[in-house]
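Here's the structure, in C-alpha cells; my notes come after.
The values are calculated or read from the model by the stated rules, or taken from the named source; none is laboratory data. Since the model is a prediction, treat every value here as computed from it, not as a measurement. Note that we place each Cβ from the backbone using ideal geometry, even for glycine, and neighbour counts take in every protein chain shown. The area values use the complete protein model at the heavy-atom level, side chains included, leaving out ligands, DNA and RNA. Shrake-Rupley method; radii C 1.70, N 1.55, O 1.52, S 1.80 Å.
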Amino acid sequence: MPPHPSILQAPALAALTHGFCTRRGGVSTGTYDTLNLGRGSADRPEHIAQNRDLVRTALGADRLLTPYQVHSADCLLVTQDNVESIDRGDIKVDALVTHEHGLAIGILTADCAPILFADHQKGIVGAAHAGWRGALGGVIDATVDTMCQAGAQRDHIKAVIGPCISQPAYEVGDEFYASFCTQDAAAAQFFTRHRETQNWHFDLPRFCLARLAQCGVAAEWIGLCTYMDRTQFFSYRRNTHEEITDYGRQGSFIRC
C-alpha cells in the first residue's frame, strides 16, 4: 500500500477542499518522519517532492503551491501569471490568496500558526503563515485585505487556525514581552508569567484570534499544539530543546 497523508479538516471550512497536514503518511525518514513538505529542510529532495505530490493528490488539486516564507506581513494574490515565480521561490511572502480553480495554496509551519481563509460564496481562498512576527506585523490583516480586493466580502470570510504552538509550551523572556507590548499596547493580555521560572508564556493562537476579530472575520482555532504532540506534528522549538539541528514542516492547504 502506498503512503496516504494524514490530513485534518475543520467543519467551518467544509464547503471547500482544505486540510491541515500532520507529519504522518509520507515517505521521509529519521528527523523528517514521514510527511515532511519543507523544501527548506535538509531532507532528501526526492522525498519532499513525493510527499508534496501525495498531498496534492489527496486534495484533488492540479498543483500545490507554497511561498518562500520570511516571517513578513506580505500577502500576494496568486494568478496564472505569477504561479511559476512563486513556485521557484522568487517571491518572498507569507500569505497567498487566489480564486484560481484547481490550485491548492498553502503555507508550511513547525510551530507558527497556519491560518486558512475562505469566502466560499465568492470562491476566494487564502493561507497565511502567522508566527509572532507576522501576526504582530499584520499578515492577517494583509490576507483579509487582499481577499476583499479580489472580491471577497469581509463578513462572509471564515478562518481556521491550524495546529501551532500553545501557550504552555511557548516560553519567552522579559525582552520579548517588553518588545511585543511596546508594539501592541493591548498585547499584555496574551501573556502569563510562570510562577516558578518567572518567564512569560505567550498565547499565539489567541493573539491571532484577536487579530482576526479586529478584521471582522469569524474564526476558530483547531486546538492542537505542535510542541506537545510529537506523534502528529513537527516542532521547531521541541527539536531545538532536544538539540536536533533540523526539523520537518507540515503544510496547510486550501483550494477553490
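If the condition is being under 20 Å from ARG230 (Cβ atoms) and either open to solvent by less than 10 Å² (accessible area, probe 1.4 Å) or in contact with a strand residue (DSSP E or B) (Cβ under 6 Å, 6 or more places away or on another chain) (or both), then the range 24-54 contributes SER28, LEU35, ASN36, LEU37, GLY38, ASN51. Filtered by the rule that a residue be within 30 Å of HIS241 (Cβ to Cβ), open to solvent by less than 40 Å² (accessible area, probe 1.4 Å) and over 20 Å from the mean Cα position of the chain (by Cα), the range 122-175 gives VAL172, GLY173.
A residue that is under 26 Å from ILE86 (Cβ atoms), in contact with a strand residue (DSSP E or B) (Cβ under 8 Å, 6 or more places away or on another chain) and of a type outside the set (Lys, Arg) cannot be found anywhere in the range 186-195. Each residue in the range 229-256 was checked for being surrounded by 16 or more Cβ atoms within 10 Å (Cβ to Cβ) and not in a loop (DSSP other than H, G, I, E, B), and 10 pass.
For GLY40, indicate whether it is part of a loop (DSSP other than H, G, I, E, B), under 24 Å from PRO3 (Cα atoms) and touching a helix residue (DSSP H, G or I) at 6+ places or on another chain (Cβ under 7 Å).
Values: part of a loop (DSSP other than H, G, I, E, B): yes; under 24 Å from PRO3 (Cα atoms): yes; touching a helix residue (DSSP H, G or I) at 6+ places or on another chain (Cβ under 7 Å): no.
Spelling it out, it is not the case that GLY40 is part of a loop (DSSP other than H, G, I, E, B), under 24 Å from PRO3 (Cα atoms) and touching a helix residue (DSSP H, G or I) at 6+ places or on another chain (Cβ under 7 Å).
Candidates are the residues of the range 1-14 that are aliphatic (A, V, I, L, M) and modelled with pLDDT of 95 or more; the one that is most open to solvent (accessible area, probe 1.4 Å) is ALA14.
I'd like to check something: does the range 183-193 contain any residue that is touching a helix residue (DSSP H, G or I) at 6+ places or on another chain (Cβ under 6 Å), closer than 30 Å to PRO5 by Cα and either of a type in the set (D, E, K, R) or crowded, with 19+ Cβ neighbours inside 10 Å (or both)? No; the residues of the range 183-193 include none that is touching a helix residue (DSSP H, G or I) at 6+ places or on another chain (Cβ under 6 Å), closer than 30 Å to PRO5 by Cα and either of a type in the set (D, E, K, R) or crowded, with 19+ Cβ neighbours inside 10 Å (or both).
Of the strands (runs of 3 or more DSSP E) that lie entirely inside the range 115-194, those containing 1 or more residues that are closer than 18 Å to ARG206 by Cα and of a type in the set (S, T, N, Q) span 191-193.
Could you please find all residues in the range 78-97 being touching a helix residue (DSSP H, G or I) at 6+ places or on another chain (Cβ under 9 Å) and either β-branched (Val, Ile, Thr) or assigned to a strand (DSSP E or B) (or both)?
Let us first name the residues in the range 78-97 that are touching a helix residue (DSSP H, G or I) at 6+ places or on another chain (Cβ under 9 Å), namely 78, 90-91, 93-97.
VAL78, ILE91, VAL93, ALA95, LEU96, VAL97, listed by residue number.
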